[in-house]
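Remarks on the structure that follows.
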């Protein structure tokens, strides 16, 4: 810990959200390089019991899983298992004949043939044209996905069946021409299975989790760890996320993570601790290596931090403002500073999860931040933005 820096304003701000009954808990880490500058927990494992949040608490990582999956796939890239410009259908034939919604489509059946194939770099950068089903529920493409796939509640199919269903759905646009958040990282997970011959969770354990000692990272929480699993809440009023009050939406003992899942979601299935995930992130910021374990070579990480989108295309969410952001291979890239942003935020690379887990790495400032809660949805609240702003002010 660094005692020359005053993190009290950050602690007070994060603690205030717990005191206001807007967050049940929050945990924050700031590192310089791989050294911890500040590590703090706020709030409770469970509001009813008022058990204090612990450093070894287990979080639903949701889309923070995507960084792990992307790194895992790029490990196979380094082994020569594929090239980024390879057609996805070379390894997954179900994607050989994609159909694309016409620009003026009025139904999911109003499609045309894709003018170009889906490439592997497209699924790593969310530019394939796939969708999710809940980002823009009024859109035709999301309505088509909602009828076939539900990564938030249906875990009854394996990755092979999941991808077979995804391949039958229309693309939102011609591959490589735009950006849309999607099930693409779940397709990456299935591609890992195809290329490695291992089930996705087995690959992650043998190649990443076990070598790094990430013993609490998995796709479910066994009974002996249930007392470390945080209760997840939602705002009492989704239309007013700053309104005090929360309702329980997933229980740590009888919830949706308490038995093994068939769907090993590469886009959002992992649970982990702050310590485990920090170990993984340390390897990323340390040129792909940590404590003698080399996940990736520095040049591969640099490639992952290189924009893969077509000229003029940026990252855009209906509910999460991300100006000046493009996308690499598994990372969002903050390419253009906005008014008022610190110089150190340029070239920041990051991603977060739906329940309020957010990780960002700022090579220009030399700092890394992790900020996690268990609030669904977590991206409708500014706490992680405020954490980042204060982190830059204090340590950047």
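The values are calculated or read from the model by the stated rules, or taken from the named source; none is laboratory data. Note that the structure is a prediction, hence the values are computed from the model and not measured. Glycine also receives a Cβ, built like all others from the backbone with ideal geometry; neighbour counts cover every protein chain displayed.
Considering the conditions (1) over 19 Å from residue 377 (Cβ atoms); (2) touching a helix residue (DSSP H, G or I) at 6+ places or on another chain (Cβ under 6 Å); (3) in a loop (DSSP other than H, G, I, E, B), residue 23 is excluded by exactly one of them, (1). Anything in region 350-368 that is surrounded by 23 or more Cβ atoms within 10 Å (Cβ to Cβ), under 15 Å from the mean Cα position of the chain (by Cα) and within 16 Å of residue 282 (Cβ to Cβ)? List them, or say none. Scanning region 350-368 gives 359, 360.
One line per residue, one yes/no per condition, for (1) part of a helix (DSSP H, G or I); (2) surrounded by fewer than 19 Cβ atoms within 10 Å (Cβ to Cβ):
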position: 191; (1), (2): yes, no
position: 208; (1), (2): yes, no
position: 216; (1), (2): no, no
position: 227; (1), (2): yes, yes
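Determine, yes or no, whether residue 285 is closer than 30 Å to residue 190 by Cα and either touching a strand residue (DSSP E or B) at 6+ places or on another chain (Cβ under 7 Å) or at pLDDT below 95 (or both).
On the way: closer than 30 Å to residue 190 by Cα: yes; either touching a strand residue (DSSP E or B) at 6+ places or on another chain (Cβ under 7 Å) or at pLDDT below 95 (or both): yes.
The answer is yes for residue 285.
Might you let me know whether region 113-131 holds any residue that is within 25 Å of residue 153 (Cα to Cα) and surrounded by fewer than 23 Cβ atoms within 10 Å (Cβ to Cβ)? Checked region 113-131: no residue is within 25 Å of residue 153 (Cα to Cα) and surrounded by fewer than 23 Cβ atoms within 10 Å (Cβ to Cβ).
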